[in-house]
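Taking it in order: structure first as structure tokens, then the write-up.
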Amino acid sequence: MFLCSAHAAYGADAALEAPESSPDWALQVTPYMWAAGLDGRISPYRRGPTIGVEKSFSDVMDDLNFGGFINIWGRHDRFVFSGDIMYVDTTDSHDTGPLPELEIPGVGTIPSGGDIAAKVDTKQFTATLMGGYRVIDTPQFTLDALGGARFWRISNDVKLTGSLGVISGSATYGESFGWIDPLAGLRAFFPLTENLSLQMQADIGGFGAGSDLTWSALATVNYVFSERLSASMGYKVLDVDYDHNGHVYDTRLSGPVLGMTYRF
């Protein structure tokens, strides 16, 4: 019933120049794609059942209406900032029928042969904002300590359409929920050659303040094409366990990432 992809593909740091020869500030923007599959348990409605979900990336793409993902990273001297935003809109449709004869209390007997079509539209907005300090800064290795928060907002709209012969009717219902997770994380950067580098980033949070637990991990290989343009590819995992007031969102998204970075 749910969603597509999320989170970050970060570009090269300061064009892979040695830290002592790099400028005191840097800013880069990375639009990216994440070919993620989805696995977990979801209850998008407070009074609804919790269902198991297991979808490959191709399954997710079949339901996708729109997906947008962008990462912004900045540094001033040893102070760093990371912002990542994703928005995903999916529609999952199912048809059931012909149905057997149904007895509904207070309504009576519904004759056999009817059909029910269900359409669930899900929108998810996630923003991760982190700031920190570069605790290790050498030509061979840099390490940033990070802290911040991840903001979640999920809305679901379902439309049920029933038909029996020439008679049909429909009903709609919508519900949304959201939360904020505090985060702590690390980001490491390894220049390999003049144009090639490795980068790893991980965070953990939630701690019962929003979700029970959330964590993410990212590893990318980065290649610099020019002073301002580079590409990144790697693998990303985002895990969250949220269960509050009847809403359950206990999922893991994982898959390869691909991004293009522009440096200002």
**Asked** If you take the residues in the stretch 211-235 that are open to solvent by 20 Å² or more (accessible area, probe 1.4 Å) and assigned to a loop (DSSP other than H, G, I, E, B), which one is farthest from Tyr262 (Cα to Cα)?
**Response** Asp212
**Asked** Does the stretch 233-251 contain at least one residue that is under 18 Å from Val80 (Cβ atoms) and either modelled with pLDDT of 95 or more or in contact with a Ser or Thr (Cβ under 7 Å, 6 or more places away or on another chain) (or both)?
**Response** no
**Fill in**
Among the residues of the stretch 211-247, the number that are of a type outside the set (Lys, Arg) and touching a residue at least 60 places away in the same chain (Cβ under 8 Å) is 20
**Complete:** How many residues of the stretch 107-143 are open to solvent by 30 Å² or more (accessible area, probe 1.4 Å), at pLDDT 95 or above and closer than 20 Å to Val88 by Cα? The answer is 1
**Fill in**
Apart from one, (1) touching a Pro at 6+ places or on another chain (Cβ under 8 Å); (2) modelled with pLDDT of 90 or more all hold for Glu101; the odd one out is (2)
**Item:** Matching residues, the stretch 194-209, being assigned to a loop (DSSP other than H, G, I, E, B) and either open to solvent by less than 20 Å² (accessible area, probe 1.4 Å) or touching a Leu at 6+ places or on another chain (Cβ under 8 Å) (or both)
**Value:** Glu194, Asn195, Gly206, Phe207
**Complete:** Exactly one of Tyr10, Tyr32 is at pLDDT 85 or above and either open to solvent by less than 30 Å² (accessible area, probe 1.4 Å) or farther than 30 Å from Tyr242 by Cα (or both), and that residue is Tyr32
**Prompt:** Could we say that Asp92 is at pLDDT below 90 and in a strand (DSSP E or B) here?
**Reply:** yes
**Request:** Being of a type in the set (Ser, Thr, Tyr) and open to solvent by less than 10 Å² (accessible area, probe 1.4 Å) is the filter here, so list the residues in the stretch 243-261 that pass it.
**Result:** Tyr249, Thr251, Thr261
**the stretch 60-75 - residue that is outside any strand (DSSP E or B) and within 16 Å of the chain's Cα centre (by Cα) and, of those, surrounded by the fewest Cβ atoms within 10 Å (Cβ to Cβ)** = Met61
**Request:** May I ask you to verify whether Arg187 is in contact with an Asp or Glu (Cβ under 6 Å, 6 or more places away or on another chain), part of a strand (DSSP E or B) and over 22 Å from Thr30 (Cα atoms)?
**Result:** no
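The values are calculated or read from the model by the stated rules, or taken from the named source; none is laboratory data. In this text, all values refer to a predicted model and were calculated from it rather than measured experimentally. Neighbour counts are summed over all protein chains in view; Cβ atoms, including those assigned to glycine, are modelled from backbone coordinates with ideal geometry. All accessible areas refer to the heavy atoms of the entire protein, side chains included, with ligands and DNA or RNA removed. Shrake-Rupley method; radii C 1.70, N 1.55, O 1.52, S 1.80 Å.
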